[in-house]
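Working notes, beginning with the structure itself.
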Number of protein chains: 2
Amino acid sequence: MDIDLARSLSIANGSKIMLFVMDGLGGLPHPETGRTELETARTPNLDALARESACGFTVPVAPGVTPGSGPGHLALFGYDPLKFNIGRGALEAAGIDFDLRPQDVAARGNFCTVDGSGAITDRRAGRISNERCAELCAKLRGIRLAGLPAGRQGVELFVEPVREHRFVLVLRGEGLSGAVADTDPQREGAQPLEPRATAPEGEATARLVARFVGEAKRMLAGPSTGSGRAEAANMLTLRGFARRPDWPSMADVFKLRPAAVAHYPMYRGLAKLVGMEALPAGPAIDDSIATVRENWGRFDYFFVHYKYTDTAGEDGDFDRKVAKLEEVDAAVPALLELGPDVLMVAGDHSTPAVMAAHSWHPVPFMMRAPRTRADACDAFNEVALQRGSLGTFPAMDALPLALAHAGRLTKYGA
Amino acid sequence: MDIDLARSLSIANGSKIMLFVMDGLGGLPHPETGRTELETARTPNLDALARESACGFTVPVAPGVTPGSGPGHLALFGYDPLKFNIGRGALEAAGIDFDLRPQDVAARGNFCTVDGSGAITDRRAGRISNERCAELCAKLRGIRLAGLPAGRQGVELFVEPVREHRFVLVLRGEGLSGAVADTDPQREGAQPLEPRATAPEGEATARLVARFVGEAKRMLAGPSTGSGRAEAANMLTLRGFARRPDWPSMADVFKLRPAAVAHYPMYRGLAKLVGMEALPAGPAIDDSIATVRENWGRFDYFFVHYKYTDTAGEDGDFDRKVAKLEEVDAAVPALLELGPDVLMVAGDHSTPAVMAAHSWHPVPFMMRAPRTRADACDAFNEVALQRGSLGTFPAMDALPLALAHAGRLTKYGA
């Protein structure tokens, strides 16, 4: 639904909506058994829920399109992922609770390892520890870019650790632009690329970034300050230069008081971009449910994120994905006990273990709500859901459907 | 998928995609048996393919919309038929290998028969022979439009036979416009209409066309040069005045090296408008397969067109359509032997024999590819495919799906 239409139809009421996202939920058949991860997992609670729900599949972005985590979630939040586009840098900054200001430019950084010729030998620098990442970021913060021509006031620099080899670079100053190309060549054996402007307004920023990269390279290549062995993180790459998007909030558009319960920074960051309050949550699903329970009265929309189905899928670990699905299944009674009026069980995209990657396949979906029609789904998996009454539909339609079932959408037209 | 999105996500790889189109594929139940043409035909090979494929139905243009051949094919080529619109004249010109230039205006012509009062008694002039059509076109080429106010250089005229009563008129000169209304009243008993401008920029062209029609009428009404009997083709009608569209090619948008294997000129013409190379092909399906085989290494996308299912449907000949479907079925093993990574079996629209016309009904579709999910289709017909995992979807989504399954679409968003 178009944002303006949603804004004109949505009303607040006392109902509670929950969106439970299993990241990378959808799968594909195992070559030996012919059964998907969901078909293989023993999920009596999810199956029972399917029998009480309206079922189907979501298409996160468009048929054939494999979504990143950003578009996959934005669609489930009711925002058209082809219209609400966010640069990786701004997303990463939001995900670490960095207070990105409207004029700032952010980029996602990776520490990496280069050989004597400057070619990348490890794009992730052996996944250095979080502590080492924080030390290196602190070091790089010492770089001074003042006096360069991006603005009269010079440029303030932030280098913030994310986890392992990942960090966020933020430039703050006048006249900065996100029109700078990635320096990450996205493969090993190649050298990091020079920062180049992708449009005239990016030229001053590209020069600043080049200056930063040059200084950083000298610092990182210097004598190891750590364990005595050669420093794995002896270079860096940057990608996704972007400013903070200025989007309408879910409170404004959908008249919801929304909360996000997610352990991973990126999902909290995404949620905050549409105006959700990010609540603290531990890594386990029970932690998330406890957080929801404690905050039940303060909000009327809860986005609960479960990451490990995706991680297992990305690792190509079919059995672990099955185990994670069963872990979720065991938590379903506690979810139901909270008593949401509308409960959506969804995924941001498919991550079939046999592909060890995100994929374009439609994603299993069910919604337990008042006023749904019965359908013939007796289990929650990629085959049974083909009999679902919702069919295969755009993921951005899920929230309007939930609002309708929650009595939160008024009539259109006289 | 929007063309710009497709362009930004598509990559080339070594995979091969084949689109096999049975023109007018979809049907409706025979009133006596209750079974459609596909349900009636014995198609063991297509049925076996359906069991290995993801199945569903395509909607060529929009629900309820009966497509012409142009929109029906453009959608399957991945181009939104509501955005990529082509005038009939430009289509006919492309279909006879006429080198239509950007400034030219083309129209589709019919020789017809008029009575003494000028009213049309046969819109197709008794379907005159191809030879007679060529003779008449040669005669009309003698008309001179030089000196008329369309441009300082005068206007060059081309009159090109298509087949039977059909020809193409092309005007070449400065300042011409396609904004001219059809002169074809589309029914017998009416007189051909005067060429009128549909917008101010079409006025000069409309005057030129009126002059051409006037001269042609005199020439065609003259003493018969042929068999001695009265000339059936004693007048003409024109429709679909249009310039050549300037569309992005499939190579540019989808990173494909595309080939068209079609016996009928119109389908070759359509394919060339999106940048396909049209390969020579005889009338039989085996000719087409031989052409594909000979050119297998040079292309990575093959559009193979089979016309006769539509012809039988248009003729209202249920049994012949059944026979043609069985003819295709027999060729399926040879198609599979070519070894396409992704094989789509599709139709540009339905042509139910009981309607003897194109229709709006969704069109049977299946795609055999790596990484499809299992579905419950055990036969290729309008009833069995209702259990397909692809559901009923826009025909323009078929190519993006094929690209995804061929590993040719990169991820959208971070």
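The values are calculated or read from the model by the stated rules, or taken from the named source; none is laboratory data. Predicted, not measured: the structure shown is a model, and the values here were computed from it. All Cβ positions, even for glycine, are placed from backbone atoms using ideal geometry, and neighbour counts span all protein chains on display. Calculation scope for accessible area: heavy atoms of the full protein, side chains included, ligands and nucleic acids excluded. Shrake-Rupley method; radii C 1.70, N 1.55, O 1.52, S 1.80 Å.
At A:Glu32 and B:Met219, where each label point lies 7 Å from the Cα along Cα→Cβ, what is the point-to-point distance in nanometres?
Taking the two extended label points, one gets 7.7 nm.
Keeping all protein chains in place and using 1.4 angstrom, which order do B:His263, A:His305 fall into by accessible surface area, from largest down?
Descending accessible area places them as B:His263, A:His305.
Please report the accessible area of B:Met250 (heavy atoms, 1.4 Å probe, ligands and nucleic acids excluded) in Å², nearest 10.
The accessible area of B:Met250 comes to roughly 0 Å².
Checking a compactness column here: for region A:1-131, what do you get for Rg(Cα) / (2.2 N^0.38 Å), N being the number of residues?
Its radius of gyration relative to the 2.2 N^0.38 Å reference: 1.48.
Which residue, B:Glu92, B:Glu337, B:Glu201, tops the fluctuation ranking in a GNM of chain B built on C-alpha contacts under 10 Å?
Sorting by GNM fluctuation, first place goes to B:Glu337.
Take chain B, drop everything but the C-alpha atoms, weight them equally and run the Debye formula without solvent; then report log10 I(q)/I(0) at 0.12 Å⁻¹ to two decimals.
-0.98
Which of the pairs A:Lys217/A:Lys324; A:Lys139/A:Lys272; B:Lys255/B:Lys321; A:Lys307/A:Lys411; A:Lys272/A:Lys321 have their Cα atoms more than 32 Å apart in this structure?
As for pairs spanning more than 32 Å Cα to Cα, those are A:Lys217/A:Lys324; B:Lys255/B:Lys321; A:Lys307/A:Lys411.
Looking at the axis that maps chain A onto chain B, which chain A residue has the closest Cβ, and how far off is it in Å, rounded to a whole number?
Residue plus distance in Å, as requested: A:Gly391, 3.
Using a 1.4 angstrom probe on protein heavy atoms only, which residues from region A:38-78 are buried by at least 20 Å² of accessible area when all chains are present rather than their own chain alone?
A:Pro63, A:Gly64, A:Val65, A:Thr66, A:Gly68, A:Pro71
Working from the alpha-carbon coordinates of region B:328-414, get Rg over Rh, Rh being the Kirkwood radius.
1.00
At 7 Å along Cα-to-Cβ for each site, give me the label-to-label distance between A:Trp296 and A:Asp319 in nm.
Each label point is offset 7 Å from its Cα along the Cβ direction, giving 3.9 nm.
Given just the C-alpha atoms of region A:58-169, how large is their convex hull per residue in cubic angstrom?
172 Å³
Once Rh for region A:160-208 is found with the Kirkwood sum over Cα pairs, what is the Stokes-Einstein diffusion coefficient at 4 °C and 1.567 mPa s, in µm²/s?
Rounded, D is 106 µm²/s.
What residues qualify as long-range amide H neighbours of B:Ala125, i.e. H under 5 Å apart, gap of 5 or more or another chain, H built at 1.01 Å from N?
B:Thr113
Under 10 Å, Cα contacts only: if you run a Gaussian network model on chain A, which one of A:Ala379, A:Ala242, A:Ala221 comes out with the highest mean-square fluctuation?
A:Ala221
When DSSP assigns beta bridges and you keep just the ones with both residues in the protein assembly as shown, what percent turn out antiparallel, to the nearest 5?
60 percent
State the cysteines of the protein assembly as shown left without a partner when partners are defined as other cysteines whose beta carbon lies under 4.7 Å away.
A:Cys112, A:Cys133, A:Cys137, B:Cys112, B:Cys133, B:Cys137
May I ask you to derive the relative contact order of chain A, considering only C-alpha pairs under 8 Å and at least 6 residues apart, and to give it as an integer percent?
33 percent
Over all alpha-carbon pairs of region B:184-340, lay out the pair-distance distribution in 5 Å bins, whole %, shortest bin first.
Taking all Cα pairs of region B:184-340, the binned fractions are 2, 7, 11, 11, 11, 11, 12, 13, 9, 7, 4, 0 percent.
Work out how much length B:Ser8 to B:Arg144 would gain on full extension: take 0.36 nm times their residue separation and subtract the Cα-Cα distance, in nm to one decimal.
44.1 nm
Can you give the local net charge around B:Ala206? Use residues other than it whose beta-carbon is closer than 13 angstrom to its beta-carbon, Lys and Arg +1, Asp and Glu -1.
With Lys, Arg at +1 and Asp, Glu at -1, the net is -1.
For an R0 of 56 angstrom, estimate the FRET efficiency from the Cβ-Cβ distance between A:Asp99 and B:Ser117 and round to the nearest 0.05.
Calculated value: 0.10.
Please give me the summed charge of the neighbours of B:Met396: other residues whose Cβ is under 13 Å from its Cβ, Lys and Arg +1, Asp and Glu -1.
Neighbour charge sum, excluding B:Met396 itself: -3.
Going from most exposed to least, what order do B:Asp23, B:Asp115 have by accessible area with a 1.4 Å probe?
Highest to lowest solvent-accessible surface, that is B:Asp115, B:Asp23.
Under a Cβ-only charge scheme (Lys and Arg +1, Asp and Glu -1), can you give me the dipole magnitude of chain A about the Cα centre, in debye to the nearest 20?
Dipole size: approximately 1040 debye.
Helix-only estimate, please: 222 nm mean residue ellipticity of chain A, summing -39500 (n - 2.57) across DSSP H runs of length 4 or more and dividing by its residues, to the nearest 500.
-8500 deg cm²/dmol
Spin-label point model (7 Å from Cα, Cβ direction): what's the A:Glu135 to B:Ala199 distance in nm?
Modelled inter-label distance: 6.9 nm.
Just reorder A:Thr183, B:Thr121 by solvent-accessible area, largest first, 1.4 Å probe, all chains present.
B:Thr121, A:Thr183
Please work out the FRET efficiency for the pair B:Arg387 and A:Asp252, using the Cβ-Cβ distance as r and a Förster radius of 51 Å; give the result to the nearest 0.05.
E between B:Arg387 and A:Asp252, to the nearest 0.05, is 0.75.
Placing the label point 7 Å from Cα along the Cα-to-Cβ direction, what are the distances from B:Asp4 to the equivalent spots in the other copies, shortest first, in nm to one decimal?
Computed spacing set for this position: 1.8 nm.
Report, for A:Ala190, each distance to the same residue's label point in the other copies, shortest first and in nm; define the point 7 Å along Cα→Cβ.
6.0
Treating only the Cβ atoms of Lys and Arg (+1) and Asp and Glu (-1) as charged, compute the dipole magnitude of the protein assembly as shown about its Cα centre; round to the nearest 20 debye.
2040 debye
Calculate, in nm to one decimal, what A:Ala330 and A:Asp287 gain on full extension: separation in residues at 0.36 nm each, minus their alpha carbon distance.
Full extension from A:Ala330 to A:Asp287 adds 14.1 nm.
Compute the length gained on full extension between B:Ala376 and B:Asn85: take 0.36 nm times their separation in residues and subtract their Cα-Cα distance, giving the result in nm to one decimal.
Result: 101.1 nm gained on full extension.
For B:Met344, what accessible area in Å² do you get when you roll a 1.4 Å probe over the heavy atoms of the protein chains, rounding to the nearest 10?
About 0 Å², ignoring ligands and nucleic acids.
Taking chain A as a Gaussian network, Cα atoms linked when under 10 Å apart, which of A:Leu100, A:Leu193, A:Leu270 shows the biggest mean-square fluctuation?
Among A:Leu100, A:Leu193, A:Leu270, the largest GNM mean-square fluctuation belongs to A:Leu193.
What number comes out for the charge environment of A:Val292, summing +1 per Lys or Arg and -1 per Asp or Glu over other residues with Cβ under 13 Å away?
Within the 13 Å Cβ shell, the charges total -3.
Once the label point is placed 7 Å from Cα along Cβ, list for B:Glu215 the distances to the corresponding points in the other copies, in nm, shortest first.
Reported distances to equivalent positions: 7.7 nm.
Across 5 Å bins from the origin, how do the percents of Cα pairs in region A:1-63 run, short distances first?
4, 10, 13, 21, 18, 14, 8, 7, 4, 2, 0
With the cut-off at 48 Å, report for the protein assembly as shown the share of all Cα pairs above it, as a whole percent.
Cα-Cα pairs in the protein assembly as shown separated by more than 48 Å: 34 percent.
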